[in-house]
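Some notes on the structure that comes next.
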2 protein chains.
Amino acid sequence: MLSSENTGVPARTVERLVLYRRLLNGLTEQGVEFIHSHEIAEKANNSAAQVRRDLMAIGYTGNPARGYAVNDLVRSINGLFEQKRDQKAALVGIGKLGRAILGYFALRQARPRIVAAFDSDPAKGQGEFAGCPCYPVDALTSVIARDGITVGILTVPADFAQPVTDLMLVAGVRGILNFAPTPLKTPAWAVVDNVDIATKLEKVAFFC
Amino acid sequence: MLSSENTGVPARTVERLVLYRRLLNGLTEQGVEFIHSHEIAEKANNSAAQVRRDLMAIGYTGNPARGYAVNDLVRSINGLFEQKRDQKAALVGIGKLGRAILGYFALRQARPRIVAAFDSDPAKGQGEFAGCPCYPVDALTSVIARDGITVGILTVPADFAQPVTDLMLVAGVRGILNFAPTPLKTPAWAVVDNVDIATKLEKVAFFC
DNA sequence: GTCTGATTGTGAAATGATTCACAATGTGAA
DNA sequence: TTCACATTGTGAATCATTTCACAATCAGAC
């Protein structure tokens, strides 16, 4: 589950690289051309050593005196995602959470692009939300295959999570971001990441 | 950040225990009295050894021949959270995501209970959503102090995340579940968990 | 009552992630 | 040009998490 068979870059590092890129974006416009590992660390709430290790993972190399060239570094991080740049995602389950996520991604033009949404309620499963075309779940297999969608976002009630997952994987999806509070049974090649909000909240409360 | 100063139970283990409890709930009604580590592992998508280690962490001990007594085990996991059972949470940022979370928790009566919501828009910041009273952010400090709220849920735009965090921590909040795509500066004693949906989606796409 | 066999509890090993610590390096100052 | 200095890149150490593997244990069969 979420192995790095891909490039050898560990999952944690990928997450932090995405963060670094966000922190660096727009810095050049503010006249910042170079930045040191400890400055990135300060922004990212982690250690300078951690930052250097992460950049090492993508083979990016800075300059002992100047630090890292902001623009170049951002390009370098983008390079890591270049290959997967045009992946498409589909969201299943147009409840409140589903709509919130659709809205967020439409607004930000974030990647991967969400190009289809599905719902079992025929009333919701047509038309569009946040500029994203919606279909009834019956159309799931054909639309995913037709559009070459490879990433699925699951915002369905727990009971539907597994059947929808099975459908998606058959149709061509290889990775799933699962918001349903259920572990998913998937073949080993599938990439799954679970975001269980209730559990996370309980965890935070526990450690207070 | 999210250390286990508390009880010595590591954060990962706490998350899995919450999951086990959910998987076990209602099993007794189905006539299942005992369950083996490998059966729990099967449901939870992990290994039997992992399950046994996790139960070891809370000092729960099974029976080599029967396995674990379902009811008793659930009680034991509940025991871990007993002390924190009546913690209260507040949500700040009544956007789409905020409302989705409010709705979800109200419905499930999940813990910690969300007892207040805040928004900077005065129009939203009064009345209630999903049975949860809403206030303008001006009232944040006083309401949090008044109600003894210790957990904060941040669903505000990135720019507001830090100032709202500062307010909450001063008012008495000790733990924050942060959905804003920004690292938060907090004192060491504060517990913070970040849920960055855009990053997670990009990560899944990357490993596909 | 004894024996059998599957399962638990847990040291020890393996794996993975982070931090340490320092030689190598490039820059700007003298 | 040379020097001094802060920073990089990175082996090695540390710390955390998971898996291995096996003695100890319990229930049920005989």
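Data table
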item: Heavy atoms of A:Tyr60: accessible area, 1.4 Å probe, square angstrom to 10; result: 30 Å²
item: Long-range amide H partners of B:Ile176 with built H, under 5 Å; result: B:Gly152, B:Val191, B:Val192, B:Asp193
item: In order through the stretch A:128-133: 3J(HN,Hα) via Karplus (6.51 cos²θ - 1.76 cosθ + 1.60), integer Hz, x for Gly, Pro; result: 8, 10, 6, x, 10, x
item: Rotation relating A and B, chain B residue nearest the axis via C-beta, angstrom; result: B:Ala100, 2
item: Loss of accessible area when B meets A, both sides summed, Å² nearest 100, probe 1.4 Å; result: 5700 Å²
item: Alpha carbon Rg of the stretch B:88-203, scaled by the compact-globule rule 2.2 N^0.38 Å; result: 0.98
item: The stretch A:47-108 - Debye-derived log10 I(q)/I(0), Cα point model, q = 0.13, 0.15, 0.23, 0.24 Å⁻¹; result: -0.59, -0.69, -0.93, -0.97
item: Average accessible area per residue (Å²) across chain A - probe 1.4 Å, nucleic acids and ligands excluded; result: 46 Å²
item: Nm distances between copies for B:Ala188, ranked from closest, using label points 7 Å along Cα→Cβ; result: 4.3
item: FRET efficiency estimate (nearest 0.05) - Cβ-Cβ, B:Gln50 to A:Asn63, R0 41 angstrom; result: 0.40
item: Normalised convex hull volume, the protein assembly as shown, alpha-carbon set, Å³ per residue; result: 159 Å³
item: Computed [θ] at 222 nm, deg cm²/dmol, the protein assembly as shown (DSSP H ≥ 4; -39,500 (n - 2.57); rounded to nearest 500); result: -13500 deg cm²/dmol
item: In Hz, Karplus ³J(HN,Hα) per residue of the stretch B:49-63 (6.51, -1.76, 1.60; θ = phi - 60°; x = Gly, Pro); result: 4, 4, 4, 4, 4, 4, 5, 4, 4, 9, x, 7, 10, x, 10
item: Dipole magnitude of chain B about its Cα centre (Cβ charges: Lys, Arg +1; Asp, Glu -1), debye to nearest 20; result: 340 debye
item: Most mobile of A:Gln30, A:Gln83, A:Gln126 in a GNM of chain A (Cα contacts under 10 Å); result: A:Gln30
item: Contact order relative to length of chain A, as percent, for alpha carbon pairs under 8 angstrom and 6 or more apart; result: 15 percent
item: Base-10 log of normalised Debye intensity for the stretch B:11-81 (one unit scatterer per alpha-carbon) at q = 0.13, 0.14, 0.27 Å⁻¹; result: -0.30, -0.35, -1.50
item: Estimated FRET transfer efficiency when R0 is 30 angstrom, pair A:Ala123-B:Leu107 (beta carbons, to 0.05); result: 0.90
item: Whole-Hz couplings from phi, Karplus 6.51/-1.76/1.60, listed for the stretch A:182-194; x for Gly and Pro; result: 9, x, 9, 7, 9, x, 4, 6, 6, 9, 10, 10, 9
item: Carbon plus sulfur fraction of accessible area for the stretch B:88-203, probe 1.4 Å, in percent; result: 58 percent
item: Centre separation in Å (Cα based) which lies between the stretch B:29-43 and the stretch A:52-113; result: 41 Å
item: Beta bridge orientation in the protein assembly as shown: antiparallel %, DSSP, nearest 5; result: 20 percent
item: 1.4 Å probe, heavy atoms, protein only - residues of the stretch B:63-101 losing at least 10 Å² accessible area vs chain alone; result: B:Leu80, B:Phe81, B:Lys84, B:Gln87, B:Lys96, B:Leu97, B:Arg99, B:Ala100, B:Ile101
item: Gain in span if fully extended, B:Ser142 to B:Asp72, counting 0.36 nm per residue against the direct Cα distance; result: 21.1 nm
item: At 7 Å out from Cα toward Cβ: B:Thr61 inter-copy label distances (nm, ascending); result: 5.7
item: Along principal axes, Cα extents of chain B, largest first, whole Å; result: 61, 39, 31
item: Inter-copy label distances at A:Pro10 (7 Å, Cα→Cβ; nm, one decimal); result: 1.2
item: Nonlocal amide H pairs with A:Arg113, under 5 Å, H built at 1.01 Å; result: A:Ala89
item: Angle in degrees between helix A:158-171 and the longest Cα principal axis of chain A, rounded to the nearest 10; result: 80 degrees
item: A:Lys185 accessible area, 1.4 Å probe, all protein chains in place, Å² to nearest 10; result: 90 Å²
item: Amide proton proximity set for B:Glu33, modelled H, under 5 Å, gap of 5+; result: none
item: Cross-link reach list, lysines versus A:Lys84, counting only Cα pairs under 17 Å and skipping chain neighbours closer than eight places; result: B:Lys200, B:Lys203
item: Relative contact order (%) - the stretch A:87-173, alpha-carbon pairs under 8 angstrom, separation at least six; result: 34 percent
item: Per-residue average of Cβ from other chains inside 10 Å of A:190-200; result: 6
item: Which of B:Thr7, A:Pro181, B:Pro183, positive extreme of dipole for the protein assembly as shown (C-beta unit charges); result: B:Thr7
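The values are calculated or read from the model by the stated rules, or taken from the named source; none is laboratory data. The structure presented is a predicted model; accordingly, all values stated were derived computationally and were not measured. Counting neighbours? That spans all protein chains shown, and the Cβs are built from the backbone with ideal geometry, glycine included. With ligands, DNA and RNA removed, areas are computed over all heavy atoms of the protein, side chains included. Shrake-Rupley method; radii C 1.70, N 1.55, O 1.52, S 1.80 Å.
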